[in-house]
Amino acid sequence: MQNLQTKYQKEIAPALVKELELKNVMAVPRILKVVVNLGLKEAAHDDGVLTKAQTKLSLICGQKPKLCRAKVSIASFKLSKGDPIGLAVTLRGKRMFDFLEKLFTIVLPRVRDFRGVSPTAFDQRGNYTLGITEQIVFPEVEFDRTEKNKGLGITIVMNSTDSKHNKRLLELLGMPFANAQGKPFEK
């Protein structure tokens with residue numbers, strides 16, 4: 001099976017140049033990075049939660065996560081400045097394409113009642129954000145050892161600000177979008 005990165009370079013990028021009628025090859029939409037976020041509200045009071053989440057996220061992404069701390073104190077959330085509130089992993093290059101290939105082919109079809117991802121989840125800069133409610137859809141996470149199921153936020157950052165071009169890029173890479181009526185995707 002062909003790697004997603006080589007498929008992009010050899011097939012998808014030249015196809016996008018023709019399809020989008022781009023005059024400059026550097027204007028082809030490409031993925032710059034993938035950011036995976038995990039929020040941990042309990043980590044401020046329990047260090048065990050933090051270490052377990054770090055090991056799970058490093059298994060999922062293949063890279064050690066960065067610890068995110070609170071910038072300000074919020075009394076109503078019982079949060080002090082400097083408390084750990086989440087983990088983030090930024091993937092680039094080969095790890096990014098390997099993660100996306102796993103996400104498109106293995107993880108998303110394992111999501112319960114999956115009918116395709118939303119085609120309207122692009123922000124103003126053309127980046128796509130996807131939320132996964134359960135970590136157990138990743139094959140690296142063992143269901144028996146999971147005490148509390150946590151969700152992940154995945155943001156795919158692209159160089160183009162045109163969401164139509166970026167959507168077409170993700171379609172060609174294999175992202176299973178739902179159609180306008182919310183019906184299941186078709187391959």
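By the scheme Lys and Arg +1, Asp and Glu -1, what is the net charge of all other residues having a beta-carbon under 15 Å from that of L79? Value of the local net charge: +2. The local environment of V107, defined by Cβ-Cβ distances under 13 Å, has a net charge of -1 under the rule Lys, Arg +1 and Asp, Glu -1.
If you average the alpha carbon positions of segment 3-42 and of segment 61-89, how far apart do those two centres end up, in angstrom? Taking the Cα centre of each part, segment 3-42 and segment 61-89 sit 30 Å apart.
Angle between the Cα long axis of helix 47-61 and the longest principal axis of the chain, 0 to 90 degrees, nearest 10? Helix 47-61 and the main axis of the chain meet at about 20 degrees. Neighbours of L152 by Cβ distance under 11 Å: Lys/Arg scored +1, Asp/Glu scored -1, total +1.
Radius of gyration over Kirkwood radius for segment 29-173, both on Cα atoms: the Rg/Rh ratio is 0.99.
Hey, if you put +1 on the Cβ of every Lys and Arg and -1 on every Asp and Glu Cβ in the chain, which of V35, Y8, N24 ends up farthest toward the positive end of that dipole? Toward the positive end, the furthest listed residue is N24.
Largest mean-square fluctuation among V107, V49, V157, in a Gaussian network model of the chain whose springs join Cα atoms under 10 Å apart, belongs to V49. Considering amide H positions built from the backbone, and no H for Pro or chain starts, which residues 5 or more places from L79, or on another chain, come under 5 Å of its amide H? Here the answer is I74, since their amide H atoms fall under 5 Å of that of L79.
Only the coordinates and a few stated rules stand behind these numbers; no lab work does. No experiment lies behind these values; they were computed from the predicted model shown. Neighbour counts are summed over all protein chains in view; Cβ atoms, including those assigned to glycine, are modelled from backbone coordinates with ideal geometry.
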